[in-house]
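Peer 1: Take this structure first; my questions come after.
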Amino acid sequence: MRTGSRFPIWLRLILVLGFCTHGVLAVWADEAAMVPEIRPGVLAGYLPASATVDSAALLPPPPAEGSAALALDQDISRTDLALQGTPLKQQPLQAP
């Protein structure tokens, strides 16, 4: 009498998970097919082209005068300005 399977447990688990996720992936593919395209390969998105986003409303206010956050901003700015013209600062600007 044989009690074991000829397939290891990890392979059985992969097969079961594959069958379970197949339906989910099919639903996602159907939903993706419903998004209109502006031109082939470019999805329209959820905002019309005439809509603009007020990006200033997304930013936090500047640090308060005399705060630790302002001191940190100024320190980072001084450090960055000191690197201007150095190879360390020029490397990221070069095309790959």
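Peer 1: Just name the residue that is modelled with the lowest pLDDT out of those in the range 47-96 that are surrounded by 10 or more Cβ atoms within 10 Å (Cβ to Cβ) and not in a helix (DSSP H, G or I).
Peer 2: LEU83
Peer 1: Scan the range 35-46 residue by residue and report those that are loosely packed, with under 10 Cβ neighbours inside 10 Å, at pLDDT 75 or above and in a loop (DSSP other than H, G, I, E, B). Give the steps one after another, and end with the answer.
Peer 2: Looking only at the range 35-46, we keep the residues that are loosely packed, with under 10 Cβ neighbours inside 10 Å, and these are 36-37, 39-42, 46.
Next cut, at pLDDT 75 or above only: 36-37, 39-42.
The answer is PRO36, PRO40, GLY41.
The values are calculated or read from the model by the stated rules, or taken from the named source; none is laboratory data. These numbers were taken from a predicted model, which means no experiment stands behind them. Every residue, glycine as well, gets a Cβ built from its backbone with ideal geometry; the counts of neighbours run over all protein chains shown.
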